[in-house]
Structures are given as structure tokens and as C-alpha cells.
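Enquirer: Below you'll find the structure I mean.
The values are calculated or read from the model by the stated rules, or taken from the named source; none is laboratory data. From a predicted model like this one, the values you see are computed outputs, not experimental measurements. Here the Cβ positions follow ideal geometry from the backbone for every residue, glycine too, while neighbour counts run over all protein chains shown. Heavy atoms of the whole protein, side chains included, go into the accessibility calculation; ligands, DNA and RNA do not. Shrake-Rupley method; radii C 1.70, N 1.55, O 1.52, S 1.80 Å.
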Amino acid sequence: MDTETVQRLFIQAYNRMMENQEQIIKDCETMRRALTEFAALDAEIERQLEETQVVAELVKVAVKENASTAQSQEAYLKKYEALTGRYEKAAAELERLQNLRTTQSQRDKAMSLYIRTLKKQPVVLREWSDIIWTVMVEKAIVPRNGEITFVFKNGTEVKIGA
């Protein structure tokens with residue numbers, strides 16, 4: 001499929017999608033609100049941060065106690081390994097949650113940009129626009145049958161025949 005054909009089909013797909021511009025914007029804003037609901041995630045991050053701090057303190061106390069008090073080294077090592085295992089598990093979960101928070105924040109920013117762009121675009125596109133293509137299209141799927149499916153960044157799919 002040549003570039004000119006893809007561009008022509010994209011314009012058709014864009015115009016078809018934009019027939020529902022208001023609903024698409026409302027749906028995107030709803031998705032964005034869901035993405036920015038961070039209260040539960042932030043609370044879980046705080047709990048995991050507290051857990052890592054508590055366990056780090058327990059490790060510190062155990063090491064200090066071992067250095068100043070005679071005790072079974074076998075029992076100490078068992079306790080130390082259990083605490084460090086607990087710490088590593090809590091730290092890994094904290095990192096996972098923080099990464100999830102970062103990913104959701106990035107998605108929110110991308111959706112915000114998409115909504116702003118969508119609001120500024122014409123309802124009917126008459127000629128090819130590199131900017132609209134770049135900002136609005138996630139991918140184009142071209143099977144062997146000559147159709148092309150444009151997947152917009154909000155998840156909308158529009159199939160157009162060649």
C-alpha cells in the first residue's frame with residue numbers, strides 16, 4: 001500500500017472518528033479521571049515505605065544486639081536472614097508500586113495532551129496532516145486483504161477498505 005493511499009484512508013478514518021468528537025472527548029476525560037485516582041495507590045506506597053523503614057530498623061537493632069550481646073550465631077543468622085528477606089520483599093513491592101504510579105502519571109499526561117489536541121482539531125480533515133497523524137494515531141494495521149485499521153491513541157479503532 002503506497003503512502004498516498006494510506007494518507008487518503010487515514011483522512012477517511014479520522015473523519016469517521018470525529019463524527020463522535022464530543023463523545024470521544026467525554027470518554028477520554030472519564031479515562032483520565034480513572035488514571036488520576038491515586039489515593040489508594042499512594043496509601044499503599046506509604047504503607048510499603050513504612051514497612052521498609054520498620055524492617056530496616058529491626059535489622060539495625062538485630063545487628064547492634066548481636067555485636068553487644070552474646071547469643072547463638074545460628075539463631076542470629078536465622079533472624080537476620082528472615083528480616084533481610086522481609087525487607088527485600090517490601091522494597092521490591094515498593095518499587096513496583098512506585099513504577100505503577102509513574103506509569104499512570106505518564107499515561108495521564110499523554111491522555112491530557114490527546115484531549116487538548118482533539119479539542120483543537122477540525123471535525124473534518126480535508127488534507128493530510130503529519131501533526132494530526134503523529135499525535136492521534138497509535139498504530140495502523142494493514143492485513144493482506146487491503147483494508148487498514150487505524151488505532152487512535154484513545155483506543156478507538158476505525159477500519160477502512162482500500
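Enquirer: Extending each Cα 7 Å along its Cβ direction at LYS78 and ALA92, get the distance between those two points in nm, one decimal.
Expert: Output for this residue pair reads 2.3 nm.
Enquirer: Would you mind giving the three semi-axes, in whole Å and largest first, of the ellipsoid equivalent to segment 99-162 according to its Cα gyration tensor?
Expert: Working through the eigenvalues yields semi-axes of 25, 17, 8 Å.
Enquirer: Shifting gears a bit: Would you work out what percent of the accessible area of the chain, with all protein chains in place, is carbon or sulfur (probe 1.4 Å)?
Expert: C and S atoms contribute 51 percent here.
Enquirer: Express in Å², to the nearest 10, the accessible area of TRP133 obtained by rolling a 1.4 Å probe over the protein heavy atoms while all chains stay in place.
Expert: 70 Å²
Enquirer: Skipping prolines and chain starts, which residues have an amide H placed within reach, meaning under 5 Å, of the one on GLU147, given they are 5 or more residues away or on another chain?
Expert: So GLU147 has HN proximity to ALA162.
Enquirer: Give me Rg/Rg_expected for the chain, where Rg uses Cα atoms only and Rg_expected = 2.2 N^0.38 Å with N residues.
Expert: Against the empirical 2.2 N^0.38 Å value, I get 1.75 for the chain.
Enquirer: Hey, what's the chain come to in accessible area per residue, 1.4 Å probe, Å²?
Expert: 66 Å²
Enquirer: From largest to smallest, what semi-axes in whole angstrom does segment 48-108 give when each is the square root of 5 times an eigenvalue of its alpha carbon gyration tensor?
Expert: Rounded to whole Å, the semi-axes are 34, 10, 5.
Enquirer: Over the chain, calculate the relative contact order: mean separation of alpha carbon pairs under 8 Å at least 6 apart, over the residue count, as a percent.
Expert: Relative contact order of the chain: 34 percent.
Enquirer: Here is a further query. Sticking to Cα atoms, compute the Rg of segment 65-145 to one decimal and its Dmax as the biggest Cα-Cα distance, whole number, in Å.
Expert: 27.2, 84
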